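Quick notes on the structure that follows.
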């Protein structure tokens, strides 16, 4: 432990209480990674604050000492966004998990960042409301982490991402000041810092309270499962549904290998021998959904479905979803190790990119199971390999990177919902040029000129804030002299 | 003002070299009464970049403009050497119908884009005037009734190309709807009113055009404000998925209130939902009706000698209406109030006969009553002056106190350290804290 960190320990104990400051090396090791276990780093110090005031004091102490800090929610992130800094403080938000308020008429909830995603919907349910973004880890993932990553989920095709549902944030800035971005109304005054902050992967500050939008629970939800011989037939059904002007709540697809894995894991009993399974969920007013359902079903049949199942009650729908929801974990049944990739392509390029993935997989001799949010072109290829074999590990990593290249060639993105984190910062220059990255980092320099807040994430090369001549670091003289008013 | 700048051959030729379509400013090119020295119409992002580099070298104050629909809103520029007119960049670059995505140049008008998209049965789900440019709509964050369902332009924007104050071209986002790579500059530039840089291209997610639409209205008498409030809450909170929930309260507290709800969908679905929504409005005490044409004033941009936007949590709509009425009585004005109440916003418009003193008084009283007392759970509303005369804006700041102001200032300092992009537009930059003008060259 460095002298700087050692000097911080008593200060942190004053702030959070001795029991909430972890110095023991073994205990610290439990925080060495998030959901992406390939990247690990033991934090120098771990603190578990219980209030916004404590977070503010912690960050102020770090800023004063020049010590980096990283916020962590439930640690379910898949890009290493919450990977600790070896000389830094890890601020674990999981003790701040209260649902502070539900305002059913305003359709708003005020929650602490450590609250789990699902706990918000559970608290809202008695009022006939729910919180729409639903990442598959929603049982454990934290809303604060969702804000950092701008998390999506299966249903964001229709209902939008986290950024569309966050109406206000109380944050601690990287200098330790407590401030609000947005006021919960959803109507911005001045710059939309709320929008810029959401999805900034913990690099612009630490969230301490969140105002989210709640939506009325849909009157009806219908789920269709359609089996196809090939993913391209399933893909045709997707295109036809979208072309018919229907925006389903979710359209998910799994290929043969991921079906096999799901079958082995949860006996989901999908149609035997299917080369692809498509799940289409429609939600909304009964008067609309019935009509959409008829159309969607016909289009699924027209695209060559070998079997169609329909469900409209929660238990039957859960049966259909069981295989899809288990898919990531299930591939563990058919492979010792796997990489979850998260690329995006325009929906109309899905077929071409899947074919490319198949040929890359064949060339490399590495199996790839495909699970994807077909409606928005977000692919989650699962690259299967044996981590006992260094050669196979390298081949899998190379294949995983080649898949991202294929996504970019088709005008897509290197990440649809898992974030850049530490994992993909090296791919950022493939998607953005130096000027783009430099411009993004102007935002970082405004929030965090000392570069102490979750450093080393998102950007391959940090910008030295203030390197551009003329950029002011101190308050404007007129403001300092009290002659001018800031807003 | 620096009209003598047009006499500076070096500056003029540098600008003309960057952007051949360059004119000297004239009264007809004035922005809010300020005559620029030059007006330039770049034909491409590259030309706009060269133009802003030249402007940066000369230390010029730059005002971007589109159709000018929203130009009179907000504070006028404190100085304006160069107007960058984006209307010549009017190409729809790509309409990927199968992906429900369109990429356009900033000067494309909302009407022009709607025509292109409609041919594939699609739309950009933003209510904005037909002649407004896409860039202007993004820069001003203009959103009409359907904000309730589809959000503001920032919620539909998936990719953006901007030219920074120093001329550097930057992109963010992309052309896929789902994308979390890098910071989202689109959010930052949405509503930034030209103060951070020039928007030259935008990519949007699109929506299918609905097969059918219907408007459900509920009329409430002047004494039944509570009924209208209940109707807004019932419609906005219903699972019938309205696309808009508007309140229209013309001429202040003596007049009737109208709640208007838009339903979009299939023809049979819309008919059934409209019926159910009209029952909701009737249950709240309103005289309900269903129509296939919009009610009067639907979606019109608010206008008047002063336009004030009030935002709030919907559960406080009743007290907001009370505050509007009492602030009106206090200031001796009768505001016409309308807007997306179900989405937590209303516009109060003061007519041309309103004196500056009365308008300022109205805003001051309104601020005392709405959103000025942030609890530990944050402020819950704001009173923003969107348009008003210069004396009114002098007396009451356009934004009042808003959260995150210090960070906004820091962002501005990073993107535009010389404070040359639309100086004076945002309250923060119009309070005499603009940095001193850069020293002039010899030939000035």
Original post:
For segment A:234-256, how many residues meet the condition of being crowded, with 20+ Cβ neighbours inside 10 Å and either in a helix (DSSP H, G or I) or within 11 Å of another protein chain (Cβ to nearest Cβ) (or both)?
Top reply: 7
**OP:** Within segment A:80-110, count every residue that is part of a strand (DSSP E or B) and within 14 Å of another protein chain (Cβ to nearest Cβ).
**Re:** 8
**OP:** Collect the residues in segment A:441-456 that are in a helix (DSSP H, G or I) and more than 7 Å from chain B (Cβ to nearest Cβ), keeping them in residue-number order.
**Re:** A:441, A:444
Subject >> Where residue A:195 falls short, out of the listed (1) more than 7 Å from every other protein chain (Cβ to nearest Cβ); (2) touching a helix residue (DSSP H, G or I) at 6+ places or on another chain (Cβ under 6 Å) >> reply: (1)
Original post:
Of B:416, B:357, B:373, B:351, which residue is more than 7 Å from chain A (Cβ to nearest Cβ), modelled with pLDDT of 95 or more and surrounded by fewer than 21 Cβ atoms within 10 Å (Cβ to Cβ)?
Top reply: B:357
Original post:
What's the number of the condition residue B:365 fails, among (1) at pLDDT 90 or above; (2) under 29 Å from residue B:58 (Cβ atoms)?
Top reply: (2)
Original post:
Any idea which of A:313, A:283 is under 10 Å from residue A:223 (Cα atoms) and at pLDDT below 95?
Top reply: A:313
Original post:
residue A:252: in contact with a helix residue (DSSP H, G or I) (Cβ under 7 Å, 6 or more places away or on another chain) and either in the same structural domain as residue A:76 (by TED's automatic domain parsing) or free of Cβ contacts under 8 Å to residues at least 24 places away in the same chain (or both), yes or no?
Top reply: no
**OP:** Any chance you could count how many residues in segment B:1-37 are within 27 Å of residue B:92 (Cα to Cα) and at pLDDT 90 or above?
**Re:** 9
Subject >> Matching entry among A:182, A:195 (being closer than 22 Å to residue B:196 by Cβ, outside the structural domain of residue A:442 (by TED's automatic domain parsing) and within 19 Å of the chain's Cα centre (by Cα)) >> reply: A:195
**OP:** Please tell me if residue B:304 is within 21 Å of the chain's Cα centre (by Cα), more than 25 Å from residue A:171 (Cα to Cα) and in a loop (DSSP other than H, G, I, E, B).
**Re:** yes
**OP:** With respect to residue B:270, determine if the residue is in contact with a strand residue (DSSP E or B) (Cβ under 8 Å, 6 or more places away or on another chain), in a strand (DSSP E or B) and either outside the structural domain of residue B:349 (by TED's automatic domain parsing) or at pLDDT below 95 (or both).
**Re:** no
**OP:** Scan (1) buried (at least 22 other Cβ atoms within 10 Å of the Cβ); (2) at negative phi for the single condition residue A:107 breaks and write down its number.
**Re:** (2)
Subject >> Leading residue by the ranking (nearest to the other protein chains (Cβ to nearest Cβ)) among those in segment A:171-188 that are in a strand (DSSP E or B) and buried (at least 24 other Cβ atoms within 10 Å of the Cβ) >> reply: A:181
Original post:
Residues in segment A:265-288 that are in a helix (DSSP H, G or I) and under 17 Å from residue A:319 (Cβ atoms): how many?
Top reply: 2
**OP:** Check every one of the strands (runs of 3 or more DSSP E) wholly within segment A:326-426 and list those with 3 or more residues that are within 12 Å of another protein chain (Cβ to nearest Cβ) and either under 27 Å from residue A:198 (Cβ atoms) or at pLDDT below 95 (or both).
**Re:** A:378-385
Original post:
Taking into account only those residues within segment A:427-436 that are closer than 22 Å to residue A:161 by Cβ and assigned to a helix (DSSP H, G or I), which is farthest from the other protein chains (Cβ to nearest Cβ)?
Top reply: A:427
Subject >> Single residue of segment B:388-401 satisfying the filter (within 18 Å of residue B:347 (Cα to Cα) and surrounded by fewer than 24 Cβ atoms within 10 Å (Cβ to Cβ)) that is nearest to the other protein chains (Cβ to nearest Cβ) >> reply: B:399
Subject >> Check on residue A:142, out of contact with any helix residue (DSSP H, G or I) (no Cβ under 6 Å at 6 or more places or on another chain), more than 12 Å from chain B (Cβ to nearest Cβ) and modelled with pLDDT of 95 or more >> reply: yes
Original post:
What number of residues within segment B:84-107 are away from every other protein chain (no Cβ under 14 Å) and not in a strand (DSSP E or B)?
Top reply: 8
Original post:
Hey, any hits in segment B:277-297 for a residue that's at pLDDT below 95 and within 25 Å of residue A:186 (Cβ to Cβ)?
Top reply: yes
Subject >> Residue identified as in contact with a strand residue (DSSP E or B) (Cβ under 6 Å, 6 or more places away or on another chain) and assigned by TED's automatic domain parsing to the domain that holds residue B:153 among B:217, B:200 >> reply: B:200
Original post:
Restricting attention to segment B:118-142, which residues are over 20 Å from residue B:65 (Cβ atoms) and touching a residue at least 40 places away in the same chain (Cβ under 8 Å)?
Top reply: B:118, B:121, B:122, B:123, B:124, B:125, B:127
Original post:
Would it be correct to say that residue B:76 is modelled with pLDDT of 95 or more and either touching a helix residue (DSSP H, G or I) at 6+ places or on another chain (Cβ under 9 Å) or away from chain A (no Cβ under 14 Å) (or both)?
Top reply: no
Original post:
Where residues in segment B:237-263 are closer than 17 Å to residue A:215 by Cβ and within 24 Å of the chain's Cα centre (by Cα), which of them is surrounded by the fewest Cβ atoms within 10 Å (Cβ to Cβ)?
Top reply: B:243
Subject >> Yes/no for residue B:341 being over 15 Å from residue B:247 (Cα atoms) and touching a residue at least 24 places away in the same chain (Cβ under 8 Å) >> reply: no
Original post:
So which residues in segment B:394-403 are touching a strand residue (DSSP E or B) at 6+ places or on another chain (Cβ under 9 Å) and modelled with pLDDT of 90 or more?
Top reply: B:396
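The values are calculated or read from the model by the stated rules, or taken from the named source; none is laboratory data. It should be emphasised that the depicted structure is a prediction, and the values quoted were computed from it without experimental measurement. With ideal geometry, Cβ positions are generated from the backbone for all residues, glycine too; neighbour counts draw on all protein chains shown.
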